[in-house]
Amino acid sequence: MTAEQTTRQERKQRTRQALVDAALRLLTDRNLASLSLREVTKEAGIVPTAFYRHFASMDDLGIALVDESMRTLRRMVREARKNRSSSEDVIRSSVQTLYSQVRTNEDHFRFLMRERYAGTGRVRAAIATELRLFASELAVDLGRFDEMRAWSAEDLRMMADLIVTAMLGTVMELVDVDTADREADMEIIRQARKRLRLIVIGVAGWRSEA
């Protein structure tokens, strides 16, 4: 690739990211369906026709936002689960990572929570796919713990789904709270850890009775 081609590719990537960032700013208190292409391009500082060099539709832009929002979370939580000697270690590190990610990228998570149920069909489907992938990765990691090595894939996935659902509840609580309310944040973290412990204990008890 020549230097000119590299520069062109970099410009294209910057414009694409500008569109994603502009959409995210405009979606602070509204959903994607209410957003127009012209609003996004005006916010990004480009002409409307340039939009189609990067996205085929507003839904495609929404899917890019889903990907950007979930990619970092999956990577960070995956790192939080590595080299942990006990389920309590994993719970603490995962909840802390989730909290840090939500507070650092609140607009992304507010977008995900809103579009998960109120978004267009393709965007809702993209979020559901990302959550299934998240749960699948978690199920694989759970199966590496000594006490869970004998579990079936079905049981591991059931537990992973419960954990992901609990984590989504924590995300919803965090985006609904004033970020300046540190005391409220600490209570949400405490409750999140407690929920995950209850899942671990409850599923282990269920397994012993099965």
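The values are calculated or read from the model by the stated rules, or taken from the named source; none is laboratory data. Source: prediction; values computed, not measured. Don't worry about glycine lacking a Cβ; one is built from the backbone with ideal geometry, like all the others, and counts go over all protein chains shown. Ligands, DNA and RNA are stripped out before the accessible areas are found, and what is left, the full protein with its side chains, is counted by its heavy atoms. Shrake-Rupley method; radii C 1.70, N 1.55, O 1.52, S 1.80 Å.
Rounded to a whole number, what % of the accessible area of the chain do carbon and sulfur atoms account for, probe 1.4 Å? Each step should come with its number before you reach the end.
Numbers: 5950 of 11460 Å².
Solvent-exposed carbon and sulfur of the chain make up 52 percent of the total.
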(message) Can you give me the distance in nm between label points at R8 and E187, each placed 7 Å from the Cα along the Cα-to-Cβ direction?
(response) 5.8
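With only Lys, Arg, Asp and Glu charged, each at its Cβ (+1 for the first two, -1 for the last two), find how big the charge dipole of the chain is about the Cα centre; round to the nearest 20 debye.
Roughly 500 debye for the chain.
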(request) Work the Kirkwood hydrodynamic radius out for the stretch 89-210: mean of 1/r over every pair of different alpha-carbon atoms, inverted, in Å. (result) 15.5
(message) If R₀ is 30 angstrom, what is the calculated FRET efficiency for the pair N31 and R92, using the beta carbon separation as r and rounding to 0.05?
(response) 0.30
(message) Using the Karplus curve 6.51 cos²θ - 1.76 cosθ + 1.60 with θ = phi - 60°, what ³J(HN,Hα) values do you get for each residue of the stretch 39-44, in whole Hz, with x for Gly and Pro?
(response) 4, 5, 5, 5, 5, 7
(message) Rounded to two decimals, what is the ratio between the C-alpha radius of gyration of the chain and 2.2 N^0.38 Å?
(response) 1.18
(message) Can you tell me the length gained on complete extension of the stretch T72 to D21, counting 0.36 nm per residue apart and subtracting the Cα distance?
(response) 16.8 nm
(request) Can you grab the distance from the C-alpha centre of the stretch 129-164 to the C-alpha centre of the stretch 3-42, Å, no decimals? (result) 35
(message) Run the simple label-point estimate for T104 and E147 please: 7 Å along Cα→C-beta, distance reported in nm.
(response) 3.0
(request) Putting +1 on Lys and Arg Cβ atoms and -1 on Asp and Glu Cβ atoms, find which of I63, A118, L196 reaches farthest to the positive end of the dipole of the chain. (result) I63
(message) What distance in nm lies between label points placed 7 Å from Cα along the C-beta direction at E137 and M158?
(response) 2.5
